[in-house]
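To start, the structure under review is shown below, and the notes come after it.
The values are calculated or read from the model by the stated rules, or taken from the named source; none is laboratory data. Please read all numbers here as calculations on a predicted model, not as lab measurements. Counting neighbours? That spans all protein chains shown, and the Cβs are built from the backbone with ideal geometry, glycine included. Remember, those area values only see protein heavy atoms, side chains included, never the ligands or the DNA or RNA. Shrake-Rupley method; radii C 1.70, N 1.55, O 1.52, S 1.80 Å.
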Amino acid sequence: MPKEIIGSLVDKGIDFDQVDRESNWDDQIILNGLLFYLANMIIPGVSHLPLWRLDGVILTVLLHMGPVEFLYYWFHRALHHHYLYSRYHSYHHSSIATEPITSVIHPFAEEVAYFLLFLIPLTAMVLTETGSLVAAFGYVTYIDLMNNMGHCNFELVPKWVFSAFPPLKYFMYTPSYHSLNHTQVRTNYCLFMPIYDYIYGTMDKSSDELYETSLRRQEESPDVVHLTHLTTTDSIYHLPLGFAYLASKPHTSKWYLRMAMWPVTCFCGRTFVSERNVFNDKLKLQSWVVPRYTMHYVSKGTQKADLNKLIEDAILEADTKGAKVVSLGLLNQHSKRNNPTLLTGKLSKVGHAIALALCQKGVQVATMNEDVYNKLKQSLDSKFGNNLLLAQNYDQKIWLVGEGLSQREQFKARKGTLFIPYSEFPPKKVRLDCYYHITPAMVAPKSLGNLNSCENWLPRGVISAWRVAGIIHGLEGWNVDECGESMFSMDNVWEATLRHGFRPFSLPKHISAY
């Protein structure tokens with residue numbers, strides 16, 4: 001069963017605008033780093049603190065519970081006044097559906113004010129000469145941990161924590177408690193300790209009910225599952241659960257990321273949910289990641305066998321949740337030129353179906369492989385037989401490419417040839433005088449919610465045809481599958497795809513061949 005987070009507090013999706021807005025999270029790190037560096041240069045003895053002092057720890061706890069929490073409460077409450085809210089704090093509240101990184105997204109003036117507040121216990125330790133490494137680093141860690149936890153948009157504090165020590169509810173907030181500050185705006189102003197909300201009557205009355213309800217929420221059952229796995233050593237960075245700002249851009253391999261993640265990308269574990277989407281607020285979609293790294297051209301060895309086993313397990317798990325397994329293939333563009341289209345690379349069932357569909361639409365399809373020619377000839381109606389050719393050269397300007405296209409074969413193409421892949425992975429670009437199309441993909445409609453990451457190397461808002469086909473099967477309720485060699489009607493899938501708002505992802509005009 002894939003690992004996933006249940007008990008989501010706010011069902012509103014996250015879009016690319018929020019990801020871009022929250023991509024300046026490093027501002028606080030740079031600011032705090034500079035200020036701590038200056039403090040170390042100015043204040044004597046800061047760089048030579050003892051490991052532990054009990055009086056310094058007690059002082060830090062008391063000062064945080066008193067001045068820090070008290071001043072923060074009133075400062076935060078003031079920020080919600082319409083004058084300051086519209087000019088400053090609304091920037092933070094632009095994120096209704098929060099995530100951990102939302103906790104540090106504030107205007108610069110607020111960042112400075114927060115730093116000065118948190119500096120109170122640290123300064124007191126220095127002035128009273130009671131400071132220690134445990135107190136200083138422990139306090140900073142506590143601030144970051146609680147701040148991130150409060151913005152994670154799912155409830156993770158178990159009920160037994162408050163049952164074991166009931167007064168703790170006044171001194172420790174929960175993600176559900178703080179989420180009401182983002183949804184209701186004028187309640188739950190506390191930093192980490194709700195006691196001041198209780199004292200001044202600003203605690204939202206639904207806080208306890210929301211906490212109880214969020215813990216009882218059942219695991220979400222998907223209607224459609226998109227199964228994927230890591231493909232390059234640094235593709236783990238492209239997961240939405242990793243670095244959102246990297247996942248929100250088309251994936252490009254970087255040498256320093258490959259070096260950093262090499263020990264991690266061969267990890268073992270359970271399949272987990274990396275992304276959730278919803279179509280028209282009804283169809284629930286999930287992307288599951290198989291925790292195994294493999295390059296797309298690996299076809300033998302233990303790594304491949306392990307990957308297949310994990311894929312089989314994930315398919316069985318999807319089946320138990322009611323998600324039907326379908327082949328994710330879809331391509332319905334066709335050439336309107338008289339120049340034949342060359343079909344090359346390893347012939348798959350998708351390539352087979354595309355070649356037959358093009359011939360039936362009056363497009364000439366050529367192949368250099370006699371075995372492929374004979375196989376297609378047997379499946380093609382005799383009245384379309386003239387549209388299938390056994391080529392003697394590589395003069396065609398449009399190539400339909402499956403997996404296994406070699407660099408040597410690419411260099412046989414004419415200048416200006418357009419390579420169009422119909423497999424999940426595009427061919428390696430080795431010709432500067434030719435054009436390379438991306439893998440089959442479509443532009444997603446706005447009704448596809450919570451779309452905030454790019455799929456592999458595709459642009460924003462563009463998803464693979466394989467993923468689209470699965471969504472269409474779910475939307476149409478087709479009780480069919482395309483496992484093995486079977487394939488559902490391409491025309492039916494294409495018409496349904498356009499009807500539900502998906503649009504073909506077109507080439508730039510200067511290289512368009514269709």
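Evaluated at q = 0.22, 0.25, 0.28, 0.30 Å⁻¹, the base-10 log of the normalised Debye intensity for region 194-244, with identical point scatterers placed on the Cα atoms, takes the values -0.89, -0.98, -1.04, -1.08. Charged side chains reduced to their Cβ positions (Lys and Arg at +1, Asp and Glu at -1) give region 441-504 a dipole of some 460 debye around its Cα centre. Each of Tyr256, Leu210, Leu239 was scored by the projection of its Cα onto the charge dipole of region 163-283, and the greatest displacement toward the positive side belongs to Tyr256; charges sit on the C-beta of Lys, Arg, Asp and Glu.
Placing +1 on each Lys and Arg Cβ and -1 on each Asp and Glu Cβ, with no other charges, gives the chain a dipole about its Cα centre of roughly 1960 debye. Note on region 1-102: semi-axes of the ellipsoid equivalent to its C-alpha gyration tensor, largest first and rounded to whole Å, are 33, 21, 18. Each label point was placed 7 Å from the Cα along the Cα-to-Cβ direction; for Met259 and Asp491 their separation is 5.7 nm. Per residue, the accessible area of the chain comes to 51 Å² when a 1.4 Å probe rolls over the protein heavy atoms. How far is helix 370-379 tilted, in degrees, relative to the longest principal axis of the Cα atoms in the chain, given as a value from 0 to 90 rounded to the nearest 10? Between the helix axis and the principal axis of the chain, the angle is about 90 degrees. If you line up the long axis of helix 54-63 against the longest principal axis of the chain, both from Cα atoms, how many degrees apart are they, to the nearest 10? Value to nearest ten degrees: 80. Taking Cβ atoms as reference points and 13 Å as the exclusive limit, the residues near Tyr173 contribute a net charge of -4, counting Lys and Arg as +1 and Asp and Glu as -1. Expressed as a whole percent, the accessible surface of the chain that belongs to carbon and sulfur atoms is 59, based on a 1.4 Å probe.
For the chain, the extents of the C-alpha atoms along the principal axes are 92, 48, 48 Å, listed from largest to smallest. The Tyr37 and Glu212 beta-carbon pair, evaluated with R₀ = 45 Å, returns a calculated FRET efficiency of approximately 0.50. Given +1 at the Cβ of Lys and Arg, -1 at the Cβ of Asp and Glu and no other charges, the dipole of region 341-436 around its Cα centre is 200 debye to the nearest 20. What fraction, in whole percent, of alpha-carbon pairs in region 441-504 exceed 21 Å separation? Of the Cα pairs, 24 percent sit more than 21 Å apart.
Solvent exposure of Glu220, expressed as accessible area, is near 60 Å², computed with a probe of 1.4 Å over the protein chains only. Rounded to the nearest 0.05, what FRET efficiency do Phe243 and Val185 have when you use their Cβ-Cβ distance and R0 = 25 Å? Once rounded, the FRET efficiency stands at 0.30.
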